[in-house]
1. Criterion first (within 14 Å of the chain's Cα centre (by Cα) and not basic (Lys, Arg)) does Val184 satisfy it?
2. Leu285: surrounded by fewer than 24 Cβ atoms within 10 Å (Cβ to Cβ), over 16 Å from Asn162 (Cα atoms), of a type in the set (A, V, I, L, M, F, W, C) and assigned by TED's automatic domain parsing to the domain that holds Thr155, yes or no?
3. Within the stretch 126-146, how many residues turn out to be over 16 Å from Ile113 (Cα atoms) and either in a loop (DSSP other than H, G, I, E, B) or not assigned by TED's automatic domain parsing to the domain that holds Asn162 (or both)?
4. Of all residues in the stretch 218-269, which are under 22 Å from Ala158 (Cα atoms) and either β-branched (Val, Ile, Thr) or not assigned by TED's automatic domain parsing to the domain that holds Asp190 (or both)?
5. For the stretch 119-176, give me the residue count where each residue is touching a Pro at 6+ places or on another chain (Cβ under 8 Å) and of a type in the set (Phe, Trp, Tyr).
6. Select from the stretch 255-282 the residues that are modelled with pLDDT of 95 or more, over 17 Å from Thr231 (Cβ atoms) and either surrounded by fewer than 23 Cβ atoms within 10 Å (Cβ to Cβ) or hydroxyl-bearing (Ser, Thr, Tyr) (or both) and list them in ascending order.
7. Is one or more of the residues making up the stretch 198-215 among the hydroxyl-bearing types (Ser, Thr, Tyr), farther than 24 Å from Gly142 by Cα and either buried (at least 23 other Cβ atoms within 10 Å of the Cβ) or in contact with a Phe, Trp or Tyr (Cβ under 8 Å, 6 or more places away or on another chain) (or both)?
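The values are calculated or read from the model by the stated rules, or taken from the named source; none is laboratory data. What you are looking at is a predicted structure, and each value in this text was computed from that prediction instead of being measured. In this analysis, Cβ positions are derived from the backbone assuming ideal geometry, glycine residues included, and neighbour counts consider all displayed protein chains.
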Amino acid sequence: MTAAEGLAATPKSAGVKFSGDKRIVVDAPFTETKELVAGSSIIQVKSIEERLSTAATSPTSSFGKMRARGEEPMKKLIPHMTALAIALAAGSYLVFAQQPGRGGPPQPMSFFITSVPKGDGANYGGVAGADAYCQQLATAAGRGSPVTWHAYMSTQGAGAVNARDRIGNGPWYNANGQMVGRGVAQIHGDDINDARLGVAFGKQLSLTEKKGVINGVGDMPNQHDILTGSTPDGRAYTDGMDHTCNNWTSNSMGTAQLGHSDKQGGGNGSWNSAHPSRGCSQENLVSTGGAGLLYCFAVN
């Protein structure tokens, strides 16, 4: 993703009407309308098919309309400017296909989902062990030291740690150089506008360190459950119940809070806090719809 921005509220806007050489500026508020442009995203894709696939996995595709359009040189658009009208439902995006090779070199990877689990259920030897596993896979992919990697995981009890506090400041890019998040507040929807727009995480953007796509709803096997132990705002649970498989040291008793990497299924599309696991063993995690995979973020 090259850019993603929302638009200011209608009361802060103005309209411009053209009629021949005349220009009329109209201040808000405007006549009530059923549809409006709420924001836009510019995403690099290689084909029309990829453009449509990306549009289908947009954060707002579940409740808004969308137009996926390719770029055209400005000189081709001038004859049509006076007739240009684009309408989108509130909260949706414009998705533009940008030809590869434009806009500079891709950003280095600073976010990925582990391509394979450690294989011992939710037991990663604590959060430090999970960090080390992220570092190991990043190093194998050519993005190791001096880059430091942390797993997106919260812990509970004395000295509890919030996942959101240990992943750096962003922005973060996947293995293809596409932006998946601008910053901590944005990916957690701290601001109402960020919450309305949603996050770019999803099946086609939340890639592994090998640029692979994680199986999601409708795939066999479904592996979209990601270990997080976190509330939707990225913080540790304080209710006294186990949400972290004993702070990521258990492969038997306990439960772990899970996110959905494809943001689909179960009536809850949260990327970081969709539902708890059935247990902490590898078998329990698989039966829930996962494999014990992690979100990994570069913190520097």
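1. On the way: within 14 Å of the chain's Cα centre (by Cα): yes; not basic (Lys, Arg): yes.
So Val184 fits the description; yes.
2. When the stated conditions are applied, Leu285 does not pass them.
3. The number of residues fulfilling the criteria is 2.
4. Thr228, Thr231, Thr238, Thr244, Thr249, Thr255
5. Of the residues in that region, 1 qualify.
6. Ser261, Arg278, Gly279, Ser281, Gln282
7. For the stretch 198-215, residues among the hydroxyl-bearing types (Ser, Thr, Tyr), farther than 24 Å from Gly142 by Cα and either buried (at least 23 other Cβ atoms within 10 Å of the Cβ) or in contact with a Phe, Trp or Tyr (Cβ under 8 Å, 6 or more places away or on another chain) (or both): absent.
Residues are listed down the side, and each one gets a yes or a no for (1) in contact (Cβ under 8 Å) with a residue 40 or more places away in the chain; (2) at positive phi; (3) exposed (fewer than 15 other Cβ atoms within 10 Å of the Cβ):
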position: Tyr133; (1), (2), (3): yes, no, no
position: Gly142; (1), (2), (3): no, yes, yes
position: Trp149; (1), (2), (3): yes, no, no
position: Gly157; (1), (2), (3): yes, yes, yes
position: Val161; (1), (2), (3): yes, no, no
position: Trp172; (1), (2), (3): yes, no, no
position: Ala175; (1), (2), (3): yes, no, no
position: Gln178; (1), (2), (3): yes, no, no
position: Arg182; (1), (2), (3): yes, no, no
